[in-house]
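Novice: I'd like to ask some things about the structure below.
The values are calculated or read from the model by the stated rules, or taken from the named source; none is laboratory data. Note that this is a predicted model, so its numbers are computed, not measured. Here the Cβ positions follow ideal geometry from the backbone for every residue, glycine too, while neighbour counts run over all protein chains shown. The area values use the complete protein model at the heavy-atom level, side chains included, leaving out ligands, DNA and RNA. Shrake-Rupley method; radii C 1.70, N 1.55, O 1.52, S 1.80 Å.
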Amino acid sequence: MRLEPKVALVTGASRGLGLALARSLAERGWSLVIDAREAQALELARAELAARTRVVALPGDVADPRHARALVEAARELGGLDLLVNNASVLGPSPQPALADYPLEALEQVYRVNVFAPLRLIQLALPALKPGARLLNVTSDAAVEGYAGWGGYGSSKAALEQLSRVLAAEHPELRVYWVDPGDMNTRMQQEAFPGEDISDRPPPEASVPGLLKLIEGDLPSGRYKAREIGQKPSRVREFRFAVTVRDFDGVLRLLREGLGLEVAQEWDNGGRGVLLNLEKATLELFDEPQADWVDRLEAGERVSGPVRLALEVERLEEAARALQEAGAQVVKSPVLTPWGDHNQRLRAPGGLQITLYEAGKTEEPVS
């Protein structure tokens, strides 16, 4: 028996994440209904996708009720919906204004596109959804973090997330996902940071594997970060960084009294060792030129050997003072890094190099 292709409706599919996802679905044999506001860009996307699968492309504004009904009707004519992806959204004014200065008429438009339009599409699509169908609402970390200047876009995505959460509770027979795709090199991201170079952001394609795991897998309804679920599972169960020091007691006192690290385990079997608890650990690898560059930035010259501890703290000055009181020596006063952190280099008893860093206070949202 021949199975009918699955059908997906993807909004905002002429570029960026919407087009990247549509390409992957087309490769998997899905029939597609796509839309975008710019007819010419949408036609280019349709022509590309049509070489792989059935595609219906309808230019229009997702906030227009008539356009929304046409999209759902097109999906119904293809056999009903297996997947609805609410990807289309608007940023609002660029550069982003503070809430105190946000034009309310502009904010209303942001909510019409980012909140009301997805809900309208869901309401219209519910009767056309096949058993086991999935709803995927694209959101942002700006929905859960309070970034200055992101009150309009961020609050609209927060509203979309809460709508998704309630829909998941009201429709347990469906899989409802609200997904943060992560930082991406897209036109909207460029509009969010006018005049800045965003070429270091990953392409939208980097977020697609995670979306496909939601679309094709059996994960329960909920909020996900696309990059995290798209990663291959690590074989590492625990990260333990072993450091040999010349002044054992001095360094131990420094880490316990200066930074408040707790001893989880200690032993003396002719040689002494301790295991100290850290809330989060990462392994950072440098080549020699990078190590030279970091040392010059933080210490003025190359001073560290193969091992240097880098520890994030909440208040740099207080942490550095506590380390000094516990026996550390200042190598150089704090510096502002090119990526916005404040770093200070200190030397523990016996010469171990320690970098304390306080993350920048004006972090950028990633999507």
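Novice: Taking only pairs six or more apart or across chains, which ones have beta-carbon atoms under 7 Å, a first residue in region 11-35 that is touching a residue at least 12 places away in the same chain (Cβ under 8 Å) and part of a helix (DSSP H, G or I), and a second residue that is among the charged types (D, E, K, R) and open to solvent by 10 Å² or more (accessible area, probe 1.4 Å)?
Specialist: Cβ pairs passing all conditions: Gly16/Arg187; Ala20/Glu205; Ala26/Arg52; Glu27/Arg52.
Novice: Just one of Ala88, Ala57 is more than 28 Å from the chain's Cα centre (by Cα), closer than 20 Å to Gly16 by Cβ and of a type outside the set (Val, Ile, Thr); which is it? First the steps, then the outcome.
Specialist: Working: Ala88 fails: more than 28 Å from the chain's Cα centre (by Cα).
Within the list Ala88, Ala57, the selection yields Ala57.
Novice: For region 88-142: of the residues being among the charged types (D, E, K, R) and either open to solvent by less than 10 Å² (accessible area, probe 1.4 Å) or in a strand (DSSP E or B) (or both), which is farthest from Leu9 (Cα to Cα)? Outline the logic, then answer.
Specialist: Just the residues of region 88-142 that are among the charged types (D, E, K, R), to begin with: 101, 105, 108, 112, 120, 130, 134, 141.
With either open to solvent by less than 10 Å² (accessible area, probe 1.4 Å) or in a strand (DSSP E or B) (or both) added as a condition, the list becomes 130, 134.
Values: Lys130: 13, Arg134: 11 Å.
If we take residues in region 88-142 being among the charged types (D, E, K, R) and either open to solvent by less than 10 Å² (accessible area, probe 1.4 Å) or in a strand (DSSP E or B) (or both), then Lys130 is farthest from Leu9 (Cα to Cα).
Novice: Does Ala45 satisfy the condition of being part of a helix (DSSP H, G or I), under 12 Å from Gly12 (Cα atoms) and touching a helix residue (DSSP H, G or I) at 6+ places or on another chain (Cβ under 7 Å)? Before you say what the answer is, go through the steps one by one.
Specialist: On the way: part of a helix (DSSP H, G or I): yes; under 12 Å from Gly12 (Cα atoms): yes; touching a helix residue (DSSP H, G or I) at 6+ places or on another chain (Cβ under 7 Å): yes.
Yes; evaluated as a whole, the condition is true for this residue.
Novice: Consider only pairs whose beta carbons are under 6 Å apart and that are at least six residues apart or on different chains; among these, list those whose first residue lies in region 316-343 and is touching a residue at least 12 places away in the same chain (Cβ under 8 Å) and whose second residue is open to solvent by 30 Å² or more (accessible area, probe 1.4 Å) and aromatic (Phe, Trp, Tyr).
Specialist: Asp341/Tyr357; Asn343/Tyr357
Novice: Something else: Taking Arg76, is it closer than 30 Å to Gly217 by Cα and either open to solvent by less than 50 Å² (accessible area, probe 1.4 Å) or assigned to a helix (DSSP H, G or I) (or both)? Break it down stepwise before answering.
Specialist: Details: closer than 30 Å to Gly217 by Cα: yes; either open to solvent by less than 50 Å² (accessible area, probe 1.4 Å) or assigned to a helix (DSSP H, G or I) (or both): yes.
When the stated conditions are applied, Arg76 passes them.
Novice: Using the structure shown, decide if Thr282 is in a strand (DSSP E or B) and either touching a Cys at 6+ places or on another chain (Cβ under 9 Å) or not charged (D, E, K, R) (or both). So that I can check it myself, show each step before the final result.
Specialist: Values: in a strand (DSSP E or B): no; either touching a Cys at 6+ places or on another chain (Cβ under 9 Å) or not charged (D, E, K, R) (or both): yes.
It is false that Thr282 is in a strand (DSSP E or B) and either touching a Cys at 6+ places or on another chain (Cβ under 9 Å) or not charged (D, E, K, R) (or both).
Novice: Could I ask something else about it? Can Val55 be described as among the aliphatic types (A, V, I, L, M) and open to solvent by less than 10 Å² (accessible area, probe 1.4 Å)?
Specialist: Numbers: among the aliphatic types (A, V, I, L, M): yes; open to solvent by less than 10 Å² (accessible area, probe 1.4 Å): no.
For Val55, the condition - among the aliphatic types (A, V, I, L, M) and open to solvent by less than 10 Å² (accessible area, probe 1.4 Å) - is not met.
Novice: When both residues are 6+ apart or on different chains and their Cβ atoms are under 9 Å apart, which pairs have a first residue that lies in region 52-79 and is within 18 Å of Val7 (Cα to Cα) and among the basic types (Lys, Arg), and a second that is at pLDDT below 95 and open to solvent by less than 20 Å² (accessible area, probe 1.4 Å)?
Specialist: Arg76/Ala128
Novice: Taking region 282-308, which residues are of a type outside the set (Asp, Glu) and closer than 16 Å to Leu352 by Cα?
Specialist: Let us first name the residues in region 282-308 that are of a type outside the set (Asp, Glu), namely 282-283, 285-286, 289-291, 293-294, 296-297, 299-300, 302-308.
Result: Ala291, Val294, Ala299, Arg302, Val303, Ser304, Gly305, Pro306, Val307, Arg308.
Novice: To continue, here is another question. Among the residues of region 178-190, which ones are surrounded by 15 or more Cβ atoms within 10 Å (Cβ to Cβ) and closer than 21 Å to Asn137 by Cβ? Steps first, please.
Specialist: First, pick out the residues of region 178-190 that are surrounded by 15 or more Cβ atoms within 10 Å (Cβ to Cβ): 178-186, 188-190.
Trp178, Val179, Asp180, Pro181, Gly182, Asp183, Met184, Thr186, Met188, Gln189, listed by residue number.
Novice: OK, next. Going by the structure shown, is Val243 open to solvent by less than 80 Å² (accessible area, probe 1.4 Å) and modelled with pLDDT under 90? Even if it seems obvious, please write down each step before you answer.
Specialist: On the way: open to solvent by less than 80 Å² (accessible area, probe 1.4 Å): yes; modelled with pLDDT under 90: yes.
So Val243 fits the description; yes.
Novice: Using the structure shown, decide if Lys157 is of a type in the set (Lys, Arg) and assigned to a strand (DSSP E or B).
Specialist: no
Novice: On to the next question. Which is assigned to a loop (DSSP other than H, G, I, E, B), at pLDDT 85 or above, in contact with a strand residue (DSSP E or B) (Cβ under 6 Å, 6 or more places away or on another chain) and more than 23 Å from Gly16 (Cα to Cα), of Leu261, Leu219?
Specialist: Values: Leu219 fails: in contact with a strand residue (DSSP E or B) (Cβ under 6 Å, 6 or more places away or on another chain).
After ruling out the rest, the residue left standing is Leu261.
Novice: I need the full set of residues from region 249-291 which are over 26 Å from Glu301 (Cβ atoms), surrounded by 11 or more Cβ atoms within 10 Å (Cβ to Cβ), more than 35 Å from the chain's Cα centre (by Cα) and of a type in the set (A, V, I, L, M, F, W, C), in order please.
Specialist: Scanning region 249-291 gives Leu252, Val274.
Novice: What do you reckon, is Ala68 hydrophobic (A, V, I, L, M, F, W, C) and open to solvent by less than 20 Å² (accessible area, probe 1.4 Å)? Show your work before the answer.
Specialist: Details: hydrophobic (A, V, I, L, M, F, W, C): yes; open to solvent by less than 20 Å² (accessible area, probe 1.4 Å): yes.
Yes; evaluated as a whole, the condition is true for this residue.
Novice: For region 118-157: of the residues being under 21 Å from the mean Cα position of the chain (by Cα) and among the charged types (D, E, K, R), which is modelled with the highest pLDDT?
Specialist: By that ranking, first place goes to Lys157.
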